[in-house]
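So the structure is just underneath, and the comments pick up after that.
The values are calculated or read from the model by the stated rules, or taken from the named source; none is laboratory data. This structure is a prediction, so every number in the text was calculated from the model and none was measured. No Cβ is skipped: glycine too gets one built from the backbone with ideal geometry, and neighbour counts run over all protein chains shown. The accessibility values were calculated without ligands, DNA or RNA, using every heavy atom of the protein model including side chains. Shrake-Rupley method; radii C 1.70, N 1.55, O 1.52, S 1.80 Å.
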Amino acid sequence: MFPSVREVLELDPVRNGAPRVVAGERGLDQAVRWVHSSEVPDIATLLRGGELILITGIGLPPDDAGLRRFVAEIADVGACGLAVEMGRRFEQRLPAVMVRTAEELGLPLVELHRGTPFVLITQAVHGMIVDAQLAELRATAEIHQRFTDLSVEGAAPAEVVAQTAALAGAPVVLENLSRQVLAYDAAGGSAELLLANWEAHSRAVQPAGRTGHDAGKGWLVTVVGARGQDWGRLLIRLPVARDRDVTLIERAAATLALARLTKRDEQQDALERQAQSALLVALVGHTAPVADVIVRAKALGVHLERRQLVGVVLRGCSAGVAARALRDASLAGLAGALDGDLVGVLLALRAAEDEPDALRRLAVRVRELAGGAVVVAAGEGVATPREARRSLLEASQVAVSVRRPVAGPGDVVRLADVGLPGLLHMLRDEPRLQTFVERELGPLLAHDARNPREQLLGVLRVYLECGRNKSAAAEHSHLSRPAFYERLARIRRITGADLDDVQACLSLHVALLALDAQRD
């Protein structure tokens, strides 16, 4: 928004004054927020920072100590430069004490060897600032309008990211807390180069605060989340971040957070509007009284009262396949699409003893119709419609957590088959689990990202998998015991964890399993 001292020196009114920089060249890229002209020796009390001072020097102190104090005071309050017109107080050059002090403090000190009206310089610089501010206001208004339109239209994350890249003129990446890319726009560049080794690259980008610019890595970053629940980061590749860029990334992040909140209440596809799908959604989401669901199901020919109800969730087939499998297997129940790519089935059996055979018949027929390895997960059987939601939710959790291939045509997965890896896979998109992984392993992952030839995560994994047996772990790592012990010591320093403590190692092991689930 503001011109630099270097840019001001290139303006015609300044060039007409034959400027010569005699000190503080390293400060020439500072922003000029205003131009101030005054001959009072205590001008520092009138400044707020970012001012370029224009003087003739007639009011400066007569002695070296006073001149040194004058330069130091305006530098201390944040002035960005001092320009002195020669000929009134000083003839050919400024006093050496002023030059030395300005150089020590990095304050640009400029001699003007030809007379030029200060008002012309002031008008030119202030015109640049006002024009830049107007352009900034117009750009900010456009940003707010664009993202307001995207929010109203319910734009997908990919569309929000694409619009952000177009406004920034730079690549944009949306990632979750595990540094996995959810959406990106390369802004006309190479996507392969942008995303190459992304996790390690992202972990090295660590700006301060919720929104910050990592100048070393060249990324502007903000946290994405709402209602105290952070779930990702938005990054724009920018060597320098302006106020407009900060507004852009924060507005984009707010749009993404809002879209995530509202999407939870939307139907995911057209099948959910059909009768059986609507009933299943009502049961799972508590969007209708159970008594109403019972009546509507009965109208569809499915009796839920005085039945053994078993929630089943399928992954890898359509709702149409599930409905047909129910009919072909001569089973009563509801079938329809649930959230995402899951299909729900609520079996209504006459007796609890029928449950194993009914599940096997359903699984066999579903896989025959789908022609593939469909995951068939079942919840605990319940005796009343009011408990059906629990059975369906349990089946849904099991379905998304299955980590092993189907054993046979009639194979059905229950909660007891899931285990800890499956549970963590089930929770892999949960921001609180991602936060736990980052807390436990983040420093170690960042170390490995900075040191690709020394991967300590693998050493920790072997140590934990060997039950904290250092000798066995060293042998499995193909390292000498001293070398392995030294790496364990480095892991202890980096993570701050006591690797001899059972609870600390348990936390690290769970974090490793969760990391594996997130990377699958």
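Taking every C-alpha pair closer than 8 Å and separated by at least 6 residues, the mean separation divided by the residue count of the chain gives a relative contact order of 9 percent.
Where does the charge balance sit around Val205 when Lys and Arg score +1, Asp and Glu -1, over other residues with C-beta under 13 Å from its C-beta?
Once positives and negatives cancel, what remains is +3.
The stretch between Leu420 and Trp198, if pulled fully straight at 0.36 nm per residue, gains 77.1 nm over its current Cα-Cα span. Here each label is just a point 7 Å from Cα along the line to Cβ, and for Glu454 and Asp500 those points are 2.3 nm apart.
Neighbours of Val321 by Cβ distance under 14 Å: Lys/Arg scored +1, Asp/Glu scored -1, total +2. Taken per residue, the accessible surface of region 34-96 reaches 48 Å², heavy atoms only and a 1.4 Å probe.
For region 394-488, the share of accessible area belonging to carbon and sulfur comes to 52 percent (1.4 Å probe, ligands and nucleic acids excluded). Overall, the accessible surface of region 285-328 at a probe of 1.4 angstrom is composed of carbon and sulfur to the extent of 50 percent. Among the trypsin sites (Lys or Arg not before Pro) in region 320-408, those located in a DSSP loop and surrounded by at most 12 other Cβ atoms within 10 Å of their own Cβ are Arg350. How many nm separate the modelled label positions at Arg432 and Glu91, each set 7 Å beyond the Cα in the direction of the Cβ? It works out to 8.1 nm between the two label points. Summarising the label geometry, the points placed 7 Å from Cα in the beta-carbon direction at Asp243 and Ala483 lie 5.7 nm from one another.
Taking Lys and Arg as +1 and Asp and Glu as -1, the other residues whose beta-carbon sits under 11 Å from that of Gly232 total 0.
One chain, two ends: Ala208 and Asp29. Fully extended at 0.36 nm per residue, the span grows by 62.1 nm beyond their Cα-Cα distance. If the segment from Ala352 to His126 were pulled out straight at 0.36 nm per residue, it would be longer than the present Cα-Cα gap by 73.0 nm.
Shown here for region 80-176: GluC sites (Glu not before Pro) in loop regions (DSSP other than H, G, I, E, B) with at most 11 other Cβ atoms within 10 Å, namely Glu91.
Solvent-accessible surface of region 276-432, taken per residue with a 1.4 Å probe and all protein chains present: 46 Å². A helix-only calculation puts the chain at -15000 deg cm²/dmol for mean residue ellipticity at 222 nm, using -39500 (n - 2.57) for each DSSP H run of at least four residues, averaged over all residues. Charge dipole of region 445-491 (Cα centre as origin; +1 on each Lys and Arg Cβ, -1 on each Asp and Glu Cβ, all else neutral): 100 debye, rounded to the nearest 20.
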